[in-house]
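J.: Take this structure, written in structure tokens, and hold onto it; I'll ask about it next.
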Amino acid sequence: MVSFGLGMEWHVNKFTSAVKVLVVDDQPLIVEELCEFLESSGYRCVPCESSKQAIERFSEDATIGLVLCDLHMPDMDGIELVQALQRLAGKQRVFEAIMLTGRADKQDVIKALRAGIADYYQKPVNLDELLEGLQRQEVVLQERHKTLQLGHLNQKLQDLSSSIDDLYQDLDKVRRGPAPSEQMQGEGGEMPAIFAQLSPRQLDVARLVGKGQTNYQIACELGITENTVKLYVSQVLRLTHMHNRTQLALALSPSSARQRVTAH
């Protein structure tokens, strides 16, 4: 049985981390002792006695950001577990992993580090060193969270910039565009008068909605972002006083169906 030096004095820390620690080992006593120590040091723990259970808990709880797991476990070892968690996390979630091993095999350590495991400790574990290691990885995790959030914000800014650019191009086309009577000519003949106030790009979007195309298909056809399409659809519905895409599509259908819509 692995000894964790439980005779040492633990000091209760008033600090409680917002990040949970997933503690995984196939020996229940080790899981219990590690969780007790870490919780006394300000960490909330999620105990697991198998890799399968660990994957389930990780999937269910997005606040798990640190993973502490044994290397040698049945069915799925610690490296395979971390790789499975990485696949689950994808690009939308970050975490840091620390490995515990009873045998300091050099090849295992190299394999673990190549798999993205941040650190490893040999059993019997020095709890003070383990705590310091977790705290270091928590700092790394915070920086990775900031980077992820900045990436999301940057993408939103790019989408917004693209949408604004499309709108400015649309305004320029309106200034230089054909007369309203020409704008109202649709592929199937004259457009209903209710569409006279729309810009050329808004008309393009309206026609494609009328064909039953999705926002994604419209974005691809017009070479704009899907968010910009959503913006145009919203503008068209507001300007034509229609409630939804179905009503808009009916208004652009042959005159027999169109009359029922424009009559209201």
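The numbers here are math on the coordinates, done by the rules we state, and not lab data. Bear in mind the structure is a predicted one, so any value in this text is a computation, not a measurement.
J.: Can you list the residues, at least 5 places off or on another chain, whose amide H is less than 5 Å from the amide H of Tyr121, using H built in the peptide plane?
T.: HN-HN under 5 Å from Tyr121: Met99, Leu100, Thr101.
J.: At q = 0.11, 0.16 Å⁻¹, what log₁₀ I(q)/I(0) does a Debye calculation on the Cα points of segment 20-151 give, no solvent, two decimals?
T.: -0.34, -0.75
J.: Cross-link candidates for Lys230: which lysines have Cα within less than 19 Å, leaving aside residues fewer than 8 places away along the same chain?
T.: Once the sequence-local lysines are set aside, what remains near Lys230 is Lys156, Lys211.
J.: OK, next. For Tyr43, list long-range residues whose amide hydrogen, built 1.01 Å from N in the peptide plane, is under 5 Å from its own amide hydrogen.
T.: Placed amide hydrogens put Ser17 under 5 Å from Tyr43.
J.: What number results when the radius of gyration of segment 194-238, computed over Cα atoms, is divided by 2.2 N^0.38 Å?
T.: Values: Rg = 9.5 Å, N = 45, 2.2 N^0.38 = 9.3 Å.
That works out to 1.01 for segment 194-238.
J.: Of the listed pairs Lys111/Lys146; Lys20/Lys52; Lys52/Lys123, which have alpha-carbon separations greater than 20 Å here?
T.: Beyond 20 Å: Lys111/Lys146; Lys52/Lys123.
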